[in-house]
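What follows is a set of notes on a single structure, which appears directly below.
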Amino acid sequence: MSARLRLKTLLDRGRPAGGLFVSIPASEIVEIAAVAGFDFVLIDLEHTLIDGGALERLLAAADRAGVSALVRVPNAASERILQSLDAGAAGIVVPRVESPEQAEETVRNARYAPRGIRGLNAGRLGRFGDCDLPDLVARLDRETLVIAMIETPAGLDAAERIARLDGIDGLLFGAADYSQAIGLPWQTGAEAVTAAGTALARICRQAGILNFAFARSEADTPKILDEGTLGVIAANDRGLLRRALTESDRGWRAAFGDQA
């Protein structure tokens, strides 16, 4: 099983997969995630300045380490969709999808004809032309995951129609931005926010597509698994690093007491 297909293979078998959200453009982060046991990473291009060269190195690290790499692109119209997929991403995640029309644009840019307009390329995934190129198109369409993020009430209202759109493989609830959209910024545990996440999971089950979710604490994980979530984004690199460094700093300061 290739690294790029690890995530989809697990999901197709109905098995949960654990992911790390990656915002730091260091290939070592991806390699450490693989050693730790993660099945995939989600590389963020929406809130970071990760450039093309850094993204290519992160994707190459994922391939070497044996984990799949999803890429969150800036929006449904982004040229990074094509570039990320051609570079070897297992799939793309598009933020702030609020309508079937935005979801359709996402599918159109991520899929080959006749379903979409993704440009042909005989690069890395096509062994630079050393393969059956007509077969490559159909194979990559089957293998590529296209995931829409639902992050606003408008998106949640449209989620049933988005979930049933041909070419959308799954939905991901963005609890933080949803909390802001309803006037409760960063209150991701608020009842209205968790209820929206539960509603989205139900929509995914009814439509027969994948549900992805962020586990913001260990207590979240049993709940989202019970709701049928298979793609669990269990941690983020910056948060893990900050907490580990804080614990280390407090440890040495406690050892020296007031002297520190």
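Rule-based calculations on the coordinates, nothing more; no lab input. Note that the structure is predicted; figures quoted are calculated from it, not measured. Here the Cβ positions follow ideal geometry from the backbone for every residue, glycine too, while neighbour counts run over all protein chains shown.
Taking the convex hull of the alpha carbon positions in the range 79-136 and averaging its projected area over all directions gives 4.2 nm². Based on Cα contacts under 8 Å between residues 6+ apart, the chain shows a relative contact order of 18 percent.
Note down the magnitude of the dipole of the chain about its Cα centre, charges +1 on Lys and Arg C-beta and -1 on Asp and Glu C-beta and zero elsewhere, to the nearest 20 debye. If you can, show how the numbers build up before the last one.
Values: 29 positive and 35 negative charges, 81 e Å.
It comes to approximately 380 debye.
Please sort by residue number the trypsin sites (Lys or Arg not before Pro) in the range 1-103 whose DSSP state is loop and whose Cβ has at most 11 other Cβ atoms within 10 Å.
Details: sites: ARG4, ARG6, LYS8, ARG13, ARG57, ARG64, ARG72, ARG80, ARG96; in loops: ARG13, ARG96.
Listed in order of number, the matching sites are ARG13.
Taking every alpha-carbon pair in the range 1-140 and binning the separations at 5 Å intervals from zero gives 2, 10, 19, 22, 21, 17, 8, 1, 0 percent. Centre-to-centre separation between the Cα atoms of the range 203-260 and those of the range 53-73: 21 Å.
Provide the packing ranking of 162-168, 65-71, i.e. peptides ordered by the mean count of other C-beta atoms within 10 Å per residue, highest first. Please report the intermediate quantities before stating the final value.
On the way: 162-168: 18.4, 65-71: 24.3.
Going by the mean number of other Cβ atoms within 10 Å, highest first, we get 65-71, 162-168.
In plain terms, the bigger the Kirkwood radius, the slower the diffusion; for the range 118-185, with that radius from Cα pairs, at 37 °C and 0.692 mPa s, Stokes-Einstein puts D at 227 µm²/s.
Here Rg and Dmax of the Cα atoms in Å was computed from the coordinates, and among (1) 18.8, 63; (2) 18.9, 70; (3) 17.6, 57 the match is (2).
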